[in-house]
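Colleague: Mind having a look at this structure? Questions to follow.
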Amino acid sequence: MADKEAKKVPSVPESLLKRRKAYAAAKARRLKRVLAQKKFRKAQRKVIYEKAKAYHKEYRHMYRQEIRMARMARKAGNYYVPAEPKLAFVIRIRGINGVSPKVRKVLQLLRLRQIFNGTFVKLNKASINMLRIVEPYIAWGYPNLKSVHELIYKRGYGKINKKRIALTDNSLIRKCLGKLGIICMEDVVHEIYTVGKNFKVVNNFLWPFKLSSPRGGMKKKTIHFVEGGDAVVWSMGEIEMGMDDPDKKS
């Protein structure tokens, strides 16, 4: 009789007890991982804030330096000539009809495969010669900080696993460019605007910008800008109108 009581079946099956134990262990691991991620994100936010603060200070110093140099030159009775721009933004304004093979190849190298696509270009002798080859098919100018900032924040998409992914989270940037020390949108804006040492990698990471057509259309895109058309070089005012307006339109 005593042996029967000793061999009595437990009220809770052993398999269920094992499942409960495994579930509790998994829950503890998950909670630990969530807390670690939360702590990491908090630390990253602090780092990103400090970076943005430093970049803002740098941009302000650059702006004030230009003003100070111009005032010093004017005070001495001279003229201050700013440094040549290192960055250009290029927009394709004509389609594919009648495009010669050489021009088509240059447009591909500039990553301008569709009308109203735009890309950043580092200006040097080679890139300026490429721009001259495709003069009738593009409009380009020198973007200011506001234009670069709004383009990347409003129309910025990244090339992630050969796919066009919207840059809605800094983790996407950190995953692709973290090894270069670029972990957030402000890092991308700074690298593009200042044409840093990682400009080529960051620019290739950014998908070509898909812009809308300008409000009211173009006056005459087959005529040079100096003749009253829209082709080739845009002034800063035209850059603001042609690049920022499409963003506000959408």
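The values are calculated or read from the model by the stated rules, or taken from the named source; none is laboratory data. The structure displayed is predicted, hence computed values, not measured ones. Cβ coordinates were reconstructed from backbone atoms using ideal geometry, including for glycine residues, and neighbour counts include every protein chain displayed. When the accessible area is computed, the model is the full protein with side chains, heavy atoms only, and any ligands, DNA or RNA have been set aside. Shrake-Rupley method; radii C 1.70, N 1.55, O 1.52, S 1.80 Å.
Colleague: Could you sort out which of Lys39/Lys200; Lys18/Lys42; Lys51/Lys197; Lys57/Lys146; Lys38/Lys210 sit more than 25 Å apart by Cα distance in this structure?
Modeller: Where the Cα-Cα span goes over 25 Å, the pairs concerned are Lys39/Lys200; Lys18/Lys42; Lys38/Lys210.
Colleague: So, by mean Cβ neighbours within 10 angstrom, what's the order for 99-110, 15-26 with the highest one leading?
Modeller: Averaged packing, sorted descending, gives the order 99-110, 15-26.
Colleague: Can you give the extra length, in nm with one decimal, that the chain gains between Lys159 and Lys105 once fully stretched, where that is 0.36 nm per residue apart less the Cα-Cα distance?
Modeller: Extra length available between Lys159 and Lys105 comes to 17.3 nm.
Colleague: Here's something else I'd like to know. Taking the dipole about the Cα centre of segment 1-132, with the C-beta of Lys and Arg at +1 and of Asp and Glu at -1, give me whichever of Asn124, Ala22, Ser100 is farthest to the positive side.
Modeller: Of the options given, the answer is Ala22.
Colleague: Here's something else I'd like to know. For Arg33 and Leu145, what does the FRET efficiency come to when R0 = 41 Å and r is the distance between their Cβ atoms, rounded to the nearest 0.05?
Modeller: So, using R0 = 41 Å, E works out to roughly 0.55.
Colleague: Compute the relative contact order of segment 75-200 as a whole-number percentage, counting only Cα pairs closer than 8 Å that sit 6 or more residues apart in sequence.
Modeller: Value for segment 75-200: 24 percent.
Colleague: Can you work out the Karplus-derived ³J(HN,Hα) for every residue in segment 113-124? Use 6.51 cos²θ - 1.76 cosθ + 1.60 with θ = phi - 60°, whole Hz, and x for glycine or proline.
Modeller: Calculated HN-Hα couplings, in order: 8, 10, 5, 6, 7, x, 9, 8, 10, 7, 7, 8 Hz.
Colleague: Return the FRET efficiency for the residue pair Ser213, Leu172: r is the Cβ-Cβ distance, R0 is 30 Å, and the value is rounded to the nearest 0.05. If you can, show how the numbers build up before the last one.
Modeller: Details: r = 29 Å, r/R0 = 0.96.
The pair Ser213/Leu172 has a calculated efficiency of 0.55.
Colleague: Over segment 135-183, what percent of the accessible surface lies on carbon and sulfur atoms, probe 1.4 Å?
Modeller: Working: 1330 of 2620 Å².
The nonpolar share, carbon plus sulfur, comes to 51 percent.
Colleague: To the nearest 0.05, what FRET efficiency results for Ile96 and Glu58 with a Förster distance of 35 Å applied to their C-beta separation?
Modeller: 0.25
Colleague: Quick one: compute the contact order of segment 1-139, relative version, from alpha carbon pairs under 8 angstrom and 6+ residues apart, as a percent.
Modeller: Rounded, it is 20 percent for segment 1-139.
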